[in-house]
1. Check segment B:274-297 and report whether any residue there is assigned to a helix (DSSP H, G or I), in contact (Cβ under 8 Å) with a residue 24 or more places away in the chain, open to solvent by 10 Å² or more (accessible area, probe 1.4 Å) and within 14 Å of chain A (Cβ to nearest Cβ).
2. Which residues, taken from segment A:313-365, are among the polar types (S, T, N, Q) and closer than 29 Å to B:Phe51 by Cβ?
3. Kindly check whether there is at least one residue in segment A:234-245 that is over 13 Å from the mean Cα position of the chain (by Cα), at pLDDT 90 or above, within 14 Å of another protein chain (Cβ to nearest Cβ) and assigned to a strand (DSSP E or B).
4. Could you list all residues from segment B:315-326 that are under 20 Å from A:Ser401 (Cα atoms) and either at the interface with chain A (Cβ under 7 Å from one of its Cβ atoms) or open to solvent by 20 Å² or more (accessible area, probe 1.4 Å) (or both)?
5. How about segment B:96-127: which of its residues are more than 15 Å from A:Gly356 (Cβ to Cβ), at pLDDT below 95 and not in a strand (DSSP E or B)?
6. Answer yes if at least one residue in segment B:380-395 is more than 10 Å from chain A (Cβ to nearest Cβ), buried (at least 18 other Cβ atoms within 10 Å of the Cβ) and in a loop (DSSP other than H, G, I, E, B), and no otherwise.
7. Select from segment A:174-189 the residues that are at pLDDT 90 or above and not small (Gly, Ala, Ser) and list them in ascending order.
8. Whether any residue in segment B:94-108 is open to solvent by 20 Å² or more (accessible area, probe 1.4 Å), within 14 Å of chain A (Cβ to nearest Cβ) and more than 22 Å from B:Ala48 (Cβ to Cβ) is what I want to check.
Protein chains: 2
Amino acid sequence: MAVNSPLPVAADLKPVNGIELGFAEAGIKKPNRKDVLVMKLADSATVAGVFTKNRFCAAPVQVSQANLKSGKPIRALVVNTGNANAGTGEPGLANAQRTCAEVAKLLGLDAQQVLPFSTGVILEPLPVEKIVAGLPAAVANLKADNWFNAAEAIMTTDTQPKAASNTVTIGGHQVTMTGISKGAGMIRPNMATMLGYVAFDAKVAQPVLDELVRHAADRSFNCITIDGDTSTNDSFILMATGAGALEVNSTDSPHYPALRDAVTGLSLNLAQQIIRDGEGATKFITVAVEEGRDEEECRKIAYSIAHSPLVKTAFFASDPNLGRILAAIGYAGVDDLDTTKLDLYLDDVLVAKAGGRNPAYQEEDGQRVMKKAEILVRVKLGRGNASGTVWTCDLSHDYVSINADYRS
Amino acid sequence: MAVNSPLPVAADLKPVNGIELGFAEAGIKKPNRKDVLVMKLADSATVAGVFTKNRFCAAPVQVSQANLKSGKPIRALVVNTGNANAGTGEPGLANAQRTCAEVAKLLGLDAQQVLPFSTGVILEPLPVEKIVAGLPAAVANLKADNWFNAAEAIMTTDTQPKAASNTVTIGGHQVTMTGISKGAGMIRPNMATMLGYVAFDAKVAQPVLDELVRHAADRSFNCITIDGDTSTNDSFILMATGAGALEVNSTDSPHYPALRDAVTGLSLNLAQQIIRDGEGATKFITVAVEEGRDEEECRKIAYSIAHSPLVKTAFFASDPNLGRILAAIGYAGVDDLDTTKLDLYLDDVLVAKAGGRNPAYQEEDGQRVMKKAEILVRVKLGRGNASGTVWTCDLSHDYVSINADYRS
């Protein structure tokens with residue numbers, strides 16, 4: 001199903017010194033499925049995260065945010081699938097805290113040193129006893145070379161695990177970074193995605209990591225959308241294990257830009273894997289809006305195109321019904337937009353020029369591009385130098401089928 | 001296909017003194033289909049309209065707005081289907097003006113006394129010669145008792161014509177009102193719907209009618225959404241023919257409230273007919289948000305629910321996956337929303353109480369409501385006295401099919 005997304009190979013996922021991962025089959029929603037993941041960090045690690053802005057943010061999101069703020073060093077993460085523990089009120093918070101306490105007991109930590117995460121159905125009580133029963137097995141199989149299993153353990157409607165590794169040399173030091181992500185529906189991250197975790201073995205001061213996680217999220221998970229539905233559980237976590245030789249204590253460090261760009265690149269890779277595996281996706285669409293006054297208006301227009309059901313179904317049908325793109329630009333909410341300065345390209349084909357149909361445009365040129373699996377929609381606003389890009393997929397019959405059947 | 005929407009019966013549509021309607025089969029997109037409509041108004045008529053706020057508003061919308069502003073009394077309207085004349089630049093404007101000029105010639109009017117409307121595919125040149133060739137036939141069959149044919153003549157992907165009539169007695173005078181509308185996709189009107197026309201035989205001063213058209217639009221066509229796509233061609237037109245005995249010259253008139261409410265009621269009926277015939281619709285959903293601080297935040301939340309593809313597919317599947325509604329409320333953009341004060345009802349079933357699952361809620365109660373063809377989603381915010389209601393439909397396989405095949 002996933003669009004041009006090769007399955008990650010376990011052997012390509014590099015262990016990162018300073019982090020071990022372990023999983024369990026706790027039977028939370030279905031039997032014989034990895035559904036609990038524990039990550040254990042070295043004492044040298046720093047951790048930073050960004051979370052959903054959904055007002056109904058899930059209990060584990062609230063607990064993770066509180067624990068990060070507590071000032072106690074984070075030493076473990078615990079993730080369950082099959083239940084989002086969102087819309088669950090006070091009992092939900094107690095269940096998230098209970099999970100942390102049980103992980104802490106097994107690893108000799110304080111409960112506030114553990115970050116909890118959940119993903120799955122909203123508004124149903126978390127089966128916390130099943131999770132607790134599964135934790136000893138997850139802790140027992142903790143190992144550094146477990147990233148592929150970890151990527152599988154956090155899947156829900158994903159058709160394939162999402163993971164990537166990279167090694168960069170910064171200031172003469174080799175830095176190894178590996179990340180995993182999950183998500184296929186309810187994807188329109190606002191500060192983060194459904195779930196994304198990236199670890200690397202440099203030593204990074206907390207304020208630098210806090211800056212880095214926002215930078216990377218804003219250029220990766222915050223630029224993708226499948227259905228415009230911002231989840232209650234979006235979380236993106238960056239872990240600097242401190243087990244390698246590179247040390248970055250300030251954003252003014254000469255090594256910071258290289259580290260920042262490597263982390264951002266890996267994050268974008270993980271974010272794009274989510275789009276390629278979007279529910280029902282048959283096309284991978286890049287929407288690039290250029291020549292705007294500021295980044296905000298460019299992204300507004302890009303999201304308007306990326307969310308339009310009519311645009312998305314036209315991509316699914318490979319039908320160059322491109323007036324729908326103009327309509328989505330027109331209702332994006334940029335009130336003083338001068339459409340007579342606007343050009344629209346589909347890949348290299350100039351479709352609309354100065355706000356009207358390009359006289360040289362031929363339907364067969366549009367048709368040729370629409371048939372591709374990867375398509376670039378490029379809009380030039382002709383009123384500035386800012387730009388913004390959003391990645392999305394089409395809207396197919398399978399999206400409806402998957403979401404009409406999700407719980408059954 | 002349409003949800004609980006009885007086909008309007010021609011005999012039930014009352015002629016309105018002071019307006020005649022005529023149609024033609026001009027072969028704009030397909031042969032043997034009514035695709036041109038002309039409406040001719042009495043010399044006593046006043047006309048007011050509201051139009052799309054899409055920045056790519058169509059050429060006929062631009063010309064209609066200019067002609068309404070010209071101060072010359074409007075005496076005719078001309079509508080074509082099969083082509084939206086949007087995204088067509090200067091040639092599009094010239095074609096809309098040419099259409100007005102030809103209607104004016106046939107009826108002995110000035111071109112500025114004619115309002116043009118188009119609906120259909122965007123970004124394709126208007127086949128103006130076909131329209132012009134069809135106009136004499138439309139003018140030749142002008143008659144008062146032609147509303148059903150008129151409703152058919154403005155259909156595109158609609159599966160059935162939309163029309164309604166009403167007779168009210170105001171200040172001892174009988175007022176007859178009849179309206180038609182069209183639209184099934186690209187429906188998220190912003191100031192108006194795809195196309196809606198309501199005529200009645202009272203005499204109404206222009207400032208009163210200008211006020212009335214906004215009032216009626218804001219409580220009818222501006223409260224519906226199918227896919228969140230605001231069209232380039234939305235237009236809602238109110239015509240007071242002045243041929244009856246009732247005269248309203250001020251909004252302070254004792255007769256104004258009754259007239260206002262009757263016109264608004266008929267407009268809402270026409271707007272809801274659009275939702276019932278929404279592309280692929282199998283459910284008619286009312287989303288009522290109550291106890292908000294102001295109407296704006298209530299409507300924001302209502303639209304967020306009504307636009308969520310996940311909520312809409314759950315309705316299609318009759319699956320009470322109601323956490324998706326909480327998620328949509330949470331990302332609606334009401335930043336200080338206190339979810340612990342929020343209750344969610346599905347018809348009479350209390351699903352979520354104080355922001356969490358109602359302990360007494362039973363899945364089978366949710367299931368029972370979800371299976372119905374008409375469903376009320378009711379959200380109580382617990383923070384004020386304002387409310388807002390939006391009408392929408394579900395998202396089905398047929399929506400994807402219809403929009404993937406629209407042009408073929």
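1. Checked segment B:274-297: at least one residue is assigned to a helix (DSSP H, G or I), in contact (Cβ under 8 Å) with a residue 24 or more places away in the chain, open to solvent by 10 Å² or more (accessible area, probe 1.4 Å) and within 14 Å of chain A (Cβ to nearest Cβ).
2. Selection gives A:Thr313, A:Asn321, A:Thr339, A:Thr340, A:Asn358.
3. Going through segment A:234-245, the residues over 13 Å from the mean Cα position of the chain (by Cα) turn out to be A:239-245.
Cutting the leftovers down to at pLDDT 90 or above gives us A:239-245.
Restricting the remaining residues to those that are within 14 Å of another protein chain (Cβ to nearest Cβ) gives none.
No, there is no match, as no residue in segment A:234-245 is over 13 Å from the mean Cα position of the chain (by Cα), at pLDDT 90 or above, within 14 Å of another protein chain (Cβ to nearest Cβ) and assigned to a strand (DSSP E or B).
4. B:Phe316, B:Ala317, B:Ser318, B:Asp319, B:Asn321, B:Leu322, B:Gly323, B:Arg324
5. Once the filter is applied, which keeps residues that are more than 15 Å from A:Gly356 (Cβ to Cβ), at pLDDT below 95 and not in a strand (DSSP E or B), segment B:96-127 yields only B:Gly120.
6. Looking through segment B:380-395, at least one residue is more than 10 Å from chain A (Cβ to nearest Cβ), buried (at least 18 other Cβ atoms within 10 Å of the Cβ) and in a loop (DSSP other than H, G, I, E, B).
7. Within segment A:174-189, A:Gln174, A:Val175, A:Thr176, A:Met177, A:Thr178, A:Ile180 qualify.
8. Yes, the conditions are met somewhere in segment B:94-108.
The values are calculated or read from the model by the stated rules, or taken from the named source; none is laboratory data. Here the structure is a predicted model, which means the values were calculated and not measured. Every residue, glycine as well, gets a Cβ built from its backbone with ideal geometry; the counts of neighbours run over all protein chains shown. All accessible areas refer to the heavy atoms of the entire protein, side chains included, with ligands and DNA or RNA removed. Shrake-Rupley method; radii C 1.70, N 1.55, O 1.52, S 1.80 Å.
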